[in-house]
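Please treat every number below as a calculation from the coordinates, not as lab data. Only a predicted model underlies this, so the values are computations on that prediction, with no experimental measurement involved. Reconstructed Cβ throughout: ideal geometry from the backbone, glycine too, with neighbour counts over all protein chains shown.
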Amino acid sequence: MDLRQVLVNEMEERIQRNELPRRTKEEINTLVSELLSKMTLDEKIGQLYETSYDGADVTGPQFDSSNVVNLIKDGMVGSLLGLNDNIDMYMLQKTAVEKTRLGIPLLFCNDIIHGCRTSFPVNLAMACSFDMKAIEEACNVIAYESAHSGVSITFSPMLDLVRDARWGRVTESYGEDTYLGTQVAKAYIRGFQRGDLGSYDSIGACLKHFVAYGAAESGREYNTVDISERVLRQFYLPPFKAAIDEGVTSIMTSFNIYDSVPATQNKFLLRKVLRDEFKFEGFTISDYTSSDEIINHKTAKDQREVALKCITAGLDHEMISIGYIKELKSLVEEGLVDEKLIDEACSRMLSVKFKLGLFDNPYKNIYHNSEEYFMKQEFVDKAREVAKKSIVLLKNDNDILPLTNTKEKIALIGPLADTNEVIGAWGGRALNEDCVTLKDGIKNVRGDVDLRVAKGCKSVDTRDEALLKEAVEVAKECDKIILAIGESQHMSGEAYARAYITIPEPQIELVKELKKLNKPMIVTLFNGRPLELEWLNDYVDAILEVWFLGTQSGNAIADVLFGDYNPSGKLTMSFPVTVGQLPIYYNQFKTGRPAKESFTKEEFYVSNYRDVQNEPLYPFGFGLSYTKFDISDIKVDKTELSKDDTLKVSVKVKNVGKVTGTETVQLYIEAKWFSVTRPLNELKGFKQVTLQPNEEQVVEFEITQNDLAYYNIDMEYVAEKVEYSIRVGNASDNLIETTIKTV
Ligand code: GLC
């Protein structure tokens, strides 16, 4: 019998799900202290190293795993990343537990960003659902499948605020608004950790990337970041604070600099902000070789200096780079690093391992039969529900959607019409073959539709004359055309910055050719980032933003196309008219020469472009429905809000259309003046309401001075005593308002 089969038999015998102890913080601290007191300096340093193994999914310089088993035997490894082979994980864990002096278990970390085997929509899409319960439930599923496939900690959620669609990683973010980011952050942590790390269905979460990686200049990957402390605290930190308050286990440092110091060696971020201010008790981990990369930043001349600077700054765990295991011992022995720093980092690692129950059951997540825990029907159903809610209706001229006449011949045309490559960046253990194509989704939802399919292009960016001609011929015989166009799933994600955010040329040609047939055209847009879409307005009647929706993509899109689900998504990232407007976001400052709707000679010197509008094509918070909602009658229960009081704001919301729908009612504020300049608009709340035709409800929000607060001229987070506009509506540019003041 081969070794792997021997190991599988052992795994089967060993698998046990005894109830794990739930220890108090004090109990864990005691256990950690006792264990730490037995550890040698080498063993403590070993806990600070994350390595990887053969066949692992890694996104960086390839990795030499030849010595990993020996390093584990020597107690020099604390965790591994990116493994997907359960038998390897079992063998490595067994090595750590049985072959080392103290038997300290390993952590297995993985990038399960928006799905393990059941794939949910990319994170930017899920955020557009504005449904925090749906996101939490999606994360419950992700956690369950991950916890049954060896993962103890996922490198998710990514909490980077994003304002520039050129950056490939906007696809992993929640978008451009901080308040929404805090709500999404809480939903992910609750979903992954379930408030119970000892559960067999939970995993630990790891926030990333700390911090402000999304502010990379010009959207260029790994580029310089330069923001003020006030902008950092006001816009970039709150989602991390919200997640820390939910008890997240770990935080990953980012590749970029903050205030000219690489985040991975940034003492202000890692000690002052995270420990002193945010009271974070978990561990910090570098991003993939981001510690060594401070040599490229030119803030360290060699690996010895990397180790010295990073441990001093408060980096606990080093991913892939070996500065810690190579240099820390001699730095301590030479008195250059206080052993207390090693002790505090090691204690944090041990503490998380105790919380996860790994000392009680090191094999708790490592199953020989993970497949049996994947893709349960309830998970697939949840994936379809979340996918539907993530779709945003951007345009629907003459209410061409939903498609109700099933007698019509439908042409489904485009390079994304019949592809299962709809998972998007960071697919985890999802399989394309599990994903429903748009073609199959339409057949599943409306089996009787006369559907004709043509690719029109060889691929998203490769023209093919014959395919183009074939598409035109197919379309000629049909009544309506659905265009499945956009990016491939490989055109966004890490290291996929694009200077031109266009739909590739061969697809533009396809649209223009089909327009000559003068038939109604509907776009289903597959993309991982906002794209330039203005040109489409002259060619198509409807645009459905369908992102990359994962396993249930085709079914969810078809549910919306045929009206089985009335689209409710709202954009969480502005779509520019042109890349030249970037970075673009709804909560911009006013400037000293505010932009005008349209400028005249007298108002020539204002903050406008000469060749394009200032406003985006589609703004933050925007999304159409198959019905129509009236939001009216904004009321406040007081016009003066004192420090310890609460203001109630209400509006009437009425469904004045013909079908039931869900509206996301959004609450914004604007300080009319302040000791520092503040945005023209700030989201402070949102509520979803589902109404039948003609049904009306009163939607109420509560506001305290804390909701109006901002970092003032003295960096105090206060609601200065001024007037504030209170606004409510269904998009950042479609609001009704009233005024109050703080006293
Ligand atoms: C990557 C990414 C990070 C990921 C890590 C481990 O470079 O920046 O998001 O979690 O490496 O794969």
Report the rotationally averaged projected area of the chain based on its alpha-carbon convex hull, in square nanometres.
34.7
Counting sequence-distant residues (5 or more places) and residues on other chains, those with an amide H built under 5 Å from that of Y258 are A263
Among T51, L680, A215, the residue whose Cα sits farthest towards the positive end of the charge dipole of the chain (+1 at Cβ of Lys and Arg, -1 at Cβ of Asp and Glu, taken about the Cα centre) is L680
Test item: Cα-centred dipole of segment 123-191, Lys/Arg +1 and Asp/Glu -1 on Cβ, debye
80
Can you quote the Å³ per residue value for the convex hull of the Cα atoms in segment 594-730, rounded to an integer?
146
Give the peptides 37-50, 20-33, 581-594 in descending order of average Cβ contacts within 10 Å, highest first.
37-50, 581-594, 20-33
Could you state the per residue volume, in Å³, of the convex hull enclosing the Cα atoms of segment 168-269?
103
Could you compute Rg(Cα) / (2.2 N^0.38 Å) for segment 660-743, with N its residue count?
1.25
Just subtract the alpha-carbon distance of V659 and M1 from 0.36 nm times their residue separation and send over the number in nm, one decimal.
230.6 nm
Mind checking segment 645-743 for chymotrypsin sites (Phe, Trp or Tyr not before Pro) that DSSP puts in a loop (not H, G, I, E or B) and that have at most 15 other Cβ atoms within 10 Å?
W673
Give, rounded to the nearest 20 debye, the magnitude of the charge dipole that segment 197-289 has about its Cα centre when Lys and Arg contribute +1 at Cβ and Asp and Glu contribute -1 at Cβ.
220
How would you order 437-446, 543-552, 603-612 from highest to lowest mean count of nearby Cβ atoms within 10 Å?
543-552, 437-446, 603-612
Across 5 Å bins from the origin, how do the percents of Cα pairs in segment 391-471 run, short distances first?
3, 12, 17, 19, 22, 17, 8, 2, 0
The chain - charge dipole about Cα centre, Lys and Arg +1 at Cβ, Asp and Glu -1, debye rounded to 20
800
Helix 339-355: inclination vs the chain longest Cα principal axis, degrees, rounded to 10, gives 60
Can you pull the one-decimal nm distance between simple spin-label points at V606 and L431, each 7 Å off the Cα toward Cβ?
5.9
Please compute the net charge surrounding D292, taking Lys and Arg as +1 and Asp and Glu as -1 over other residues with Cβ under 15 Å from its Cβ.
-3
Which net charge results for the neighbourhood of Y213, defined as the other residues with beta-carbon distances under 9 angstrom from its beta-carbon, given Lys and Arg at +1 and Asp and Glu at -1?
0
Dividing the alpha-carbon Rg of segment 99-186 by 2.2 N^0.38 Å yields what?
1.26
Cα→Cβ-extended label distance, 7 Å offset, between T677 and K301, nm:
4.3
Step through the residues of segment 102-109 one at a time and calculate ³J(HN,Hα) from phi using the Karplus curve (6.51 cos²θ - 1.76 cosθ + 1.60, θ = phi - 60°), rounding each to whole Hz and writing x for Gly and Pro.
10, x, 6, x, 8, 8, 10, 10
Taking Cα atoms only, helix 323-333 is inclined relative to the longest principal axis of the chain by an angle, in degrees rounded to 10, of 40
Can you compute the radius of gyration and Dmax for segment 1-94, using only the Cα atoms, both in Å?
16.2, 47
Considering just Cα atoms, how many Å³ per residue does the convex hull of segment 299-341 enclose?
69
Multiplying the sequence separation of D338 and K684 by 0.36 nm and subtracting their Cα-Cα distance, what value in nm do you get?
120.1 nm
Please give the contour-minus-distance gain from K409 to N369: 0.36 nm per residue of separation, less the Cα-Cα distance, rounded to one decimal in nm.
9.9 nm
When only alpha-carbon atoms count, how far does segment 504-652 stretch along each of its three principal axes, as whole angstroms with the largest first?
59, 46, 27
Can you compute the equivalent ellipsoid semi-axes for segment 144-207, i.e. the square root of 5 times each eigenvalue of the Cα gyration tensor, sorted largest first and rounded to whole Å?
26, 13, 7
Using modelled backbone amide H atoms (1.01 Å from N, in-plane), which distant-in-sequence or interchain residues come within less than 5 Å of F548's amide H?
V122, N527
Let me have the 222 nm mean residue ellipticity of the chain computed from DSSP H runs of 4+ only, each contributing -39500 (n - 2.57), with the sum over all residues rounded to the nearest 500.
-8000 deg cm²/dmol
